[in-house]
1. Mind telling me which of N60, N13, N79 comes out most flexible in a GNM of the chain, alpha-carbon contacts under 10 Å?
2. Antiparallel as a % of all DSSP beta bridges within the chain, to the nearest 5?
3. Step through the residues of the stretch 80-86 one at a time and calculate ³J(HN,Hα) from phi using the Karplus curve (6.51 cos²θ - 1.76 cosθ + 1.60, θ = phi - 60°), rounding each to whole Hz and writing x for Gly and Pro.
4. Modelled label-to-label distance, D163 and E118, 7 Å Cα→beta-carbon offset: nm?
5. Go through the stretch 188-196 residue by residue and turn each phi into a ³J(HN,Hα) via Karplus (6.51, -1.76, 1.60, θ = phi - 60°); whole Hz please, and just put x for glycine and proline.
6. For the chain, what is the accessible area per residue in Å² when the probe is 1.4 Å?
7. Going by amide H atoms built from the backbone, whose H comes under 5 Å of the H on S35, apart from near neighbours?
8. Using only the heavy atoms of the protein chains and a 1.4 Å probe, how would I74, I5 rank by accessible area, largest first?
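The values are calculated or read from the model by the stated rules, or taken from the named source; none is laboratory data. Keep in mind that what you see is a predicted model, and the values were worked out from it rather than measured. So basically every Cβ, Gly included, is an ideal-geometry build from the backbone, and we count neighbours across all protein chains shown. Ligands, DNA and RNA are excluded from the accessible area calculation, which covers all protein heavy atoms including side chains. Shrake-Rupley method; radii C 1.70, N 1.55, O 1.52, S 1.80 Å.
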Amino acid sequence: LRLGILVSGGGSNLQSIIDKAEAGYFPAEVVVVISSKQDVYALERAKKHNIPTAVVLPKNYKTREEYEDELIKILNSYNVDLVILAGYIRVLSPHFVRAFQGKIMNIHPSLIPAFCGEGFYGEKVHKAVLDYGVKLTGVTVHFVDEGADTGPIILQRAVPVKDDDTVETLAARVLEEEHRIYPEAIKLFAEGRLETNGRRVKIISKED
Ligand code: GRF
């Protein structure tokens with residue numbers, strides 16, 4: 001399975017996916033990394049592993065469709081089978097989603113539908129979690145549909161909130177779980193073990 005990864009920042013999720021691919025954890029390889037920002041560390045991580053990279057800056061395009069057409073063109077030129085959003089901060093329009101229907105995954109650092117949607121990204125999520133005072137937060141991997149963090153959920157895992165947590169300590173604990181759960185979701189997809197019926201994603205067990 002050929003993975004195309006969209007990034008915007010540090011790329012720690014990208015790194016965990018690269019490491020798992022190289023370890024043969026799943027039958028998939030990272031064939032291209034596209035960043036929406038210049039000079040982000042995610043690009044360095046890709047280069048270190050000889051993975052082709054591209055920087056496509058939204059500000060260079062008159063419309064969101066033209067920006068997304070450039071992404072689609074690059075992803076198709078590498079024959080990408082699954083698009084992985086990894087710390088990618090833009091919301092993709094129906095134009096892009098339709099081009100890769102059912103083949104776009106995203107990771108969100110909360111238990112969707114809590115603490116998600118427009119404006120809930122990065123540390124803002126963890127701040128809201130601490131302000132609310134929930135005892136459990138977590139990570140969600142989901143298919144991307146035309147909303148923000150609204151697509152069918154693939155995997156979720158709870159992460160405890162500690163009484164003395166700060167945004168930083170909580171973010172770090174959640175990020176550790178992200179690095180485990182994302183490769184698990186990719187492995188299930190690569191092994192053809194995900195069956196989506198409407199909003200429900202069923203995991204077909206190995207014995208089936
Ligand atoms: C983090 O907030 C993570 O929770 C979310 O995107 C941000 C950066 O991830 N998925 P990464 O280190 O760039 O993968």
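1. Judging by the Gaussian network model, the answer is N60.
2. Roughly 50 percent of the beta bridges in the chain run antiparallel, per DSSP.
3. So the Karplus estimates, Gly and Pro as x, are 5, 9, 9, 9, 10, 8, 10 Hz.
4. Inter-label distance under the simple model: 3.9 nm.
5. Rounded to whole hertz, the list is 4, 5, 5, 8, x, 9, 10, 10, 9.
6. On the way: 10120 Å² over 208 residues.
Using a 1.4 Å probe on heavy atoms only, each residue of the chain averages 49 Å².
7. Excluding prolines and chain starts, which carry no amide H, the hits are V7, A54, V55, V56.
8. I74, I5
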